[in-house]
Amino acid sequence: MDWGTVVGTVTGAVIGVGATSLSDRSRWRREQSERRTAVKRELYAAYLAAVARTWSEIRAVVINGTEPWPERAHRAGEVYRNGRVYELRYQISITAPPDIVALADEVVHGLRDLVEDLAAGETYSDWADLRRANLGWFDAFDTMRARMRLDLHDASHPLPRPSPEPTV
């Protein structure tokens, strides 16, 4: 029996199995990364949409509402509680990087503070007055959205600076 043939065959088998294993591992890592990115993309989109929808509905109640102020404040509280922003923020807290979590917290707290201020009797005479009172979390929202884009794809181009009107 020629040991050279056996050694060559075994060596070839080991190299073949090793290359296949390495290739499978590489593919598995790539698929895992793609799945993580897809989950984040869906969560980020849901959170951004929930914030935008909740803000839009609160703004409509506060500025365009015809009810007396205590009822507008109550309605704004209902909109906030039903807007899914709070529960999606918890999902963000276990999925996103710490900087995005901190910004998501700032956004939720800004919305919550607005609702609490309304419940405490704060009123807003027009859109400019309401906007001015919420600029802090508007900025956090814009920064968070840009960071989410970068988290999903490092090569993402930054978003252009927002217009004077909030994008929320």
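Rule-based calculations on the coordinates, nothing more; no lab input. Note that this is a predicted model, so its numbers are computed, not measured. Heads up, the Cβs are rebuilt from the backbone with ideal geometry, glycines too, and the neighbour counts pull from every protein chain shown.
General remarks:
- Remark: the Cα gyration tensor places the range 76-146 in the oblate category, a/c being 1.5 or greater and a/b not exceeding b/c.
- Simple Cβ-charge dipole of the chain, Lys/Arg +1 and Asp/Glu -1, about Cα centre, in debye nearest 20: 580 debye
- Considering only H153, H74, H109, the Gaussian network model of the chain with Cα springs below 10 Å gives its largest mean-square fluctuation to H153.
- Taking S125, S21, S56 as the candidate residues, the one with maximal mean-square fluctuation in a Gaussian network model of the chain, Cα springs under 10 Å, is S21.
- Largest mean-square fluctuation among I92, I58, I15, in a Gaussian network model of the chain whose springs join Cα atoms under 10 Å apart, belongs to I15.
- Long-range Cα-Cα pairs in the chain (distance over 29 Å), rounded percent: 40 percent
- Rounded to the nearest 10 degrees, the inclination of helix 69-82 to the longest alpha-carbon principal axis of the chain is 10 degrees.
- Normalising the average separation of contacting C-alpha pairs (under 8 angstrom, six or more residues apart) by the number of residues puts the relative contact order of the range 49-133 at 38 percent.
- 222 nm mean residue ellipticity, helices alone, for the chain (DSSP H n ≥ 4; -39,500 (n - 2.57); rounded to 500): -26500 deg cm²/dmol
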